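Input: a single structure, listed below in structure tokens.
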Amino acid sequence: MSSGAEHGNTEVRPSTLHAWCGQLLQTGLQCAPDAFAPLAAQTLRRAQEAGDDNLVETVTAALAMTTTRAMTRTSMTPLWTARMPRRRLVDLVLPEAVQRSCQEFLDDHRHAIALQAQGLTPRNRILLDGPPGNGKTSLAEALAAALALPFYVVRYDRLIGGTLSDTLANLGQLFDHAQQQPCVVFFDEFDTVGKERGDATDTTDVKRAVGMLLIQIELTPPPTIVMAATNHQELLDHAAWRRFHLRVHLPRPTLPQVVQWFTRLREDLPFPLPLVQELSDRMVEVSFAELEDFSLDLRRRVVIEGPTADLGTVVKQRLSLWSRRLIPAGYGGR
């Protein structure tokens, strides 16, 4: 048999393939942006299924560009920020009930055709609540990554206009564009815009804006997904709760979850096993955000001290320093 070299070696290297795919996507975007979005979304889903992270990143960036260009064509100031999801579900430490709810939500969208054939639709609205720093944004990003969908964070500084008419117009534009392609629209700090309309300080204009927002959320069909997160569920309008198909509570970590966190960390940084329990006991009352900050600080120190570093000593030193600055989750004092 002839070798590839005899024929000029026609093998396509992965990097070349990704560059070619990126150029193809750019060309499709320029020629037919309206037709491009659903085609790119299908490509993204297949790349995700194949585990091709480079291709996923290329297509996601191109999809984000479709929204930016669509806004430019209509002289619209971007009402959201496109963000590349940094988290995967496998990276997160979640309560079993939350894991199950998320898996069922993903199943809805992975079997959307079968559901629609029976007159059913996938659930596409999720409300995440819980104390600060315990993974609401990370979970939203991970769900977007699992579905290979672009992730857009709503910008309240652009959404809320100087007048009621401006705000209502922005809401209409936001949801119109969100429905032009499959994506995840994320409202962080949702209580900022979805607050209880019974508040005595609210004006009629505020109540109308909240009402319109809730209507727009309810009318948004799949495959567009709306996610919202709040640290203050008590401030949300009562009607907001029923607009969401799935309501997920993310509490601060339990001791078993903290142990799981440091057990995973030890897979990358093989410090002495007894330190897993010591770290967990000392940091059980902090948030996941603090756990992550500590882990990153530890990784930085290990890199700086080099391959000869005594990991046990480094861990104990960092723990001693962090013990002076850690704030227990839910602590409101000085």
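The values are calculated or read from the model by the stated rules, or taken from the named source; none is laboratory data. These figures come from a predicted structure and were not determined experimentally. Here the Cβ is made from the backbone with ideal geometry for all residues, glycine too, and neighbour counts use every protein chain on show.
Note on segment 239-291: among residues that are over 21 Å from the mean Cα position of the chain (by Cα), among the charged types (D, E, K, R) and assigned to a helix (DSSP H, G or I), the one that is modelled with the lowest pLDDT is Arg242.
Within segment 294-312, track down each residue that is of a type in the set (Val, Ile, Thr) and either part of a helix (DSSP H, G or I) or closer than 20 Å to Ser280 by Cα (or both).
Within segment 294-312, the subset of a type in the set (Val, Ile, Thr) is 302-304, 308.
Selection gives Val302, Val303, Ile304.
For segment 284-308, taking the residues that are surrounded by 11 or more Cβ atoms within 10 Å (Cβ to Cβ) and among the aliphatic types (A, V, I, L, M), the one that is nearest to Leu321 (Cα to Cα) is identified as Leu298. Determine whether segment 130-140 contains at least one residue that is among the β-branched types (Val, Ile, Thr) and within 19 Å of Gln99 (Cα to Cα). Checking segment 130-140: at least one residue is among the β-branched types (Val, Ile, Thr) and within 19 Å of Gln99 (Cα to Cα). Scanning segment 139-174 for residues that are within 14 Å of Val206 (Cβ to Cβ) and over 18 Å from the mean Cα position of the chain (by Cα) yields Leu159, Ile160, Gly161, Gly162, Thr163, Leu164, Ser165, Asp166, Thr167, Leu168, Leu171. Screening Arg242 on (1) in contact (Cβ under 8 Å) with a residue 24 or more places away in the chain; (2) of a type outside the set (S, T, N, Q); (3) farther than 30 Å from Ser280 by Cα shows it passes everything except condition (1). Within segment 228-246, the set of residues being within 18 Å of Leu139 (Cα to Cα) and exposed (fewer than 15 other Cβ atoms within 10 Å of the Cβ) comprises His232 only.
Here's the yes/no breakdown for (1) closer than 18 Å to Trp80 by Cα; (2) at pLDDT 85 or above; (3) β-branched (Val, Ile, Thr); (4) out of contact with any Pro (no Cβ under 8 Å at 6 or more places or on another chain):
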{"residue": "Leu159", "(1), (2), (3), (4)": "yes, yes, no, yes"}
{"residue": "Asp176", "(1), (2), (3), (4)": "yes, yes, no, yes"}
{"residue": "Val184", "(1), (2), (3), (4)": "yes, yes, yes, no"}
{"residue": "Pro222", "(1), (2), (3), (4)": "no, yes, no, no"}
{"residue": "Asn231", "(1), (2), (3), (4)": "no, yes, no, no"}
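Here the helices (runs of 4 or more DSSP H) wholly within segment 91-191 that include at least 3 residues being surrounded by 17 or more Cβ atoms within 10 Å (Cβ to Cβ) and outside the structural domain of Glu267 (by TED's automatic domain parsing) are 96-110, 136-146, 164-178.
Selection over segment 228-265 of residues that are touching a Ser or Thr at 6+ places or on another chain (Cβ under 7 Å) and under 16 Å from Gly130 (Cα atoms) gives a count of 5.
Checked against (1) over 24 Å from Gly135 (Cβ atoms); (2) surrounded by 13 or more Cβ atoms within 10 Å (Cβ to Cβ), Ser280 passes all but condition (1).
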